[in-house]
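For reference, the structure is listed below as structure tokens.
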Amino acid sequence: MELSPEEYGAYWRASLFVSAGVLVAYLGYRVTAPLLAHSQAGATLFGVFLLGALVVSGGYLVVLGIARTVRTAVDAEMRG
């Protein structure tokens, strides 16, 4: 599979989306861990909401990166 410079750049940008998504989800867990361990219900519920929002946004970035990677690979194969 031969990649043009534009496709090569698109491939690396897509891999950065995957990395950013994993990082957002991981940091979301690390940031919300003290809230989840808190004994008050309000803090725990806020922690669950915040963790859910960060995991969903991280998952969105991962899926977006995977979709762009697949699209770039398919475009390169169809061209070649």
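Values in this text are rule-based calculations from the coordinates and carry no lab data. Everything numeric in this text was worked out from a predicted model, so none of it was measured. When we count neighbours, we look across all protein chains shown, and the Cβ atoms used for this are built from the backbone with ideal geometry, even at glycine.
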Diffing region 55-66: the Karplus 3J(HN,Hα) column from phi (6.51, -1.76, 1.60, θ = phi - 60°), in whole Hz with x for Gly and Pro, holds 5, 5, 5, x, x, 4, 5, 5, 5, 4, x, 5
Per-residue Cβ contact counts at 10 Å, fewest first, order Thr69, Thr44, Thr32 as Thr44, Thr69, Thr32
One finds, for Phe46 and Ser19 with R0 = 30 angstrom and r their Cβ-Cβ distance, a FRET efficiency to the nearest 0.05 of 0.65
Among region 1-45, those whose backbone N falls under 16 Å of a label point 7 Å along Cα→Cβ from Asp75 are 2-17
Long-range share for region 1-76, i.e. C-alpha pairs more than 22 Å apart as a percent of all pairs, stands at 40
For region 1-45 the GluC sites (Glu not before Pro) that pass both the DSSP coil test and the at-most-16 other-Cβ-within-10 Å test are Glu2
